[in-house]
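These notes are about the structure you will find just below.
The numbers here are math on the coordinates, done by the rules we state, and not lab data. In this text the structure is predicted, and so the values were computed from the model without any measurement. Heads up, the Cβs are rebuilt from the backbone with ideal geometry, glycines too, and the neighbour counts pull from every protein chain shown.
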Amino acid sequence: MKKILLVLIFSIFFTNLNATESAKLISNSPNISEEEVLQKIDISKVKKYKSFHIPFKANPNLSTLQYYFHRDLFKAKPSKFSRYFVEPSETPHEFEFEIIEDKSVKRQLKTKGILSYLYFEDDKIIIDEVSPNDRLGQLFDDETKFRSNSMGKSLPSYILGHAICDGYIDGVDSTISDWKIVKDTLYENHKLIDLLNMTSGDQKYVYDSHTLKGQEWNNQSHANSDLDDNNVNRILFKWFRNKEPSEKRYYNYNVLNTQLIFNYILFKTGEENFQKLLDKVFKEKVKIKDIVYFYKNKGPVSSGNAHNMFYATRYDYLRIAKAIMDDYQKDTCVGKYLKEIYDRKVPKNVNQSGNRGEPIFNRTKYYGGQFHIGNPGLEKKVVFTMGGYGGKAILIDVEDSRIVVVNTIHYNHDRFKYDHKKLLINPIKHGKESFK
């Protein structure tokens, strides 16, 4: 009887231990608690805005920056039931370092909304900087997961390349008409390439994360949350049923095109194989060191509940960028997919002074396969750019093996505008010589 009791006690102990360790791994901040973070913020100086993010034009004080970073980490606590997550690789890719100290990079991190800056060249990390401890650096460590914002739009495209290469989908010219939830909606007969390039003819009804009324923002309280907080079936039924695409189709940046791509992959693979595909991409190929995850919206798998919002550590973002670069360089099946979407890019032709103007750091000439392409000053180079709200950026020079990863909490065209030429363009154009 005593032996049975001891076995039960040890079983309960190790179950609780494993559960605690699992919860720690999937946490956005596994080593620094919310209470510890809040203790480091002067809440009396925080300005709270009505929007989820700090508004683009705002010039917040340090306490407000810190508070909104805290929200990114803790407002929506992840669990294995509310996320599509991938466990770390058993053999994560380990980076080599050849560090250069650059005073101008350090100055940028002392005054801007930058959390982390990484520059990678020829298989080595050359610049590795984080915000100073008296600014934002005290709130995170190397295991903290950063929010992707729209950088996450590029990831379903990369996953689509693997789905095509594994035979789940024929190619980028396949239509999504076999997916019943798009029937009798604007997107019923669309090809994947239309969605990949955001040329769906939906410009009358949606832009960015907003539904539109006659080309203007829809200010109803529920209108914008529908695109990010609900499954694809509900969004299409509520906003795009019995709608027709415009005859003239041009680049129209919005999150719904990405959601359709991501959830079409989920539909074609099925839930079990979808998880296997995520594992293949991130665990086996990228060789992530920490858990990464995508959001999962409410509703069954059949409703299209996968969302491209993504969390990863700063080094795992670099691992992802390196995997994309490696595929391109090795001319793998996925590399051929990357070359196809690059070749089939479309001009943006955006009126940058209008209400659909893009932030300066992300104003590329082209868009292709959910990547920004053709950065000013880099037109002669093959560079895949991932961009996200708040100044988040990853630039991947697939020919000269150079990568920049910038994780941020805020950006604007005023006090929080960082030096694009110094941080983004020159390192890709000139390599590590730009830091000397």
For Ala306, list long-range residues whose amide hydrogen, built 1.01 Å from N in the peptide plane, is under 5 Å from its own amide hydrogen. Asn297
Among Glu87, Glu244, which comes first, then next, by fewest other beta-carbon atoms within 10 Å? Glu244, Glu87
Please find, in a Gaussian network model of the chain (springs between Cα atoms separated by less than 10 Å), the residue of Leu378, Leu196, Leu395 whose mean-square fluctuation is greatest. Leu378
Net charge near Lys429 (other residues with Cβ under 15 Å of its Cβ; Lys, Arg +1; Asp, Glu -1) is 0
Highest-MSF residue in the chain out of His190, His410, His307 [GNM, Cα springs under 10 Å]: His190
Residues Met309, Met386, sorted so that the one with the fewest Cβ neighbours within 10 Å comes first: Met309, Met386
For Lys213, the residues 5 or more places away or on another chain with a placed amide H closer than 5 Å to its own amide H are Asn218
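Rank by packing, highest mean first: peptides 45-53, 266-274, with packing defined as the count of other Cβ atoms within 10 Å averaged across residues.
Sorting 45-53, 266-274 by mean packing, highest first, produces 266-274, 45-53.
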Beyond 13 Å, what share of the Cα-Cα pairs of the stretch 265-317 is found? Please give it as a whole percent. 63
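Which net charge results for the neighbourhood of Ile373, defined as the other residues with beta-carbon distances under 11 angstrom from its beta-carbon, given Lys and Arg at +1 and Asp and Glu at -1? Show your work: numbers first, answer last.
Details: positive: Arg344, Lys345, Lys348, Lys365, Lys381; negative: Asp343, Glu379.
Its environment carries a net charge of +3.
Calculate, for Lys436 and Ser302, the FRET efficiency according to 1/(1 + (r/R0)^6) with r their C-beta to C-beta distance and R0 51 Å; round to the nearest 0.05. Let's see the in-between values first.
Details: r = 56 Å, r/R0 = 1.09.
Rounded to the nearest 0.05, the efficiency is 0.35.
Would you tally the net charge around Asp184, using a Cβ to Cβ cut-off of less than 12 Å, leaving Asp184 out, and scoring K and R as +1, D and E as -1? Provide the component values of the computation, followed by the final result.
Details: positive: Lys180, Lys183, Arg241, Lys243; negative: Glu188, Glu244.
Computed value for this residue: +2.
Remind me, relative contact order of the stretch 79-126 in percent, using alpha carbon pairs under 8 angstrom and six or more residues apart? Please list the in-between numbers first.
Details: 23 pairs, mean separation 20.3, N = 48.
Relative contact order, the stretch 79-126: 42 percent.
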Over the stretch 146-435, how many percent of alpha carbon pairs lie in each 10 Å bin up to the one with the longest distance? 6, 29, 38, 22, 4, 0
May I ask you to compute the full-extension gain from Ser174 to Glu35, defined as 0.36 nm times their residue separation minus their alpha-carbon distance, rounded to one decimal in nm? 45.1 nm
Mind checking which aspartates and glutamates have their C-alpha under 17 Å from Lys48, skipping anything on the same chain fewer than 8 residues away? Asp72
For Leu115, which sequence-distant residues (separation of 5 or more, or a different chain) have an amide H within less than 5 Å of its own amide H, given hydrogens modelled in the peptide plane? Asn407, Thr408, Ile409
Between Glu399 and Phe95, how many nm apart are label points set 7 Å from Cα along the C-beta direction? 2.5
Apply the Karplus curve 6.51 cos²θ - 1.76 cosθ + 1.60, θ = phi - 60°, to the phi angles in the stretch 267-278 and return the couplings in whole Hz, x for Gly and Pro. 5, 6, 8, x, 4, 5, 6, 4, 5, 4, 5, 4
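With +1 on the Cβ of every Lys and Arg and -1 on the Cβ of every Asp and Glu, and nothing else charged, how large is the dipole of the stretch 230-319 about its Cα centre, in debye rounded to the nearest 20? Don't skip to the answer; put the middle values down first.
Values: 17 positive and 8 negative charges, 24 e Å.
About 120 debye.
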Distance in nm between label sites at Gln138 and Val382, each 7 Å beyond Cα in the beta-carbon direction? 4.7
How high is the relative contact order of the chain? Use alpha-carbon pairs under 8 Å, at least six apart in sequence, and give a whole percent. 21
28 Å Cα-Cα reach of Lys248 towards lysines, excluding residues that sit fewer than 8 places from it in its own chain: Lys153, Lys180, Lys183, Lys191, Lys204, Lys213, Lys238, Lys339, Lys345, Lys348, Lys365
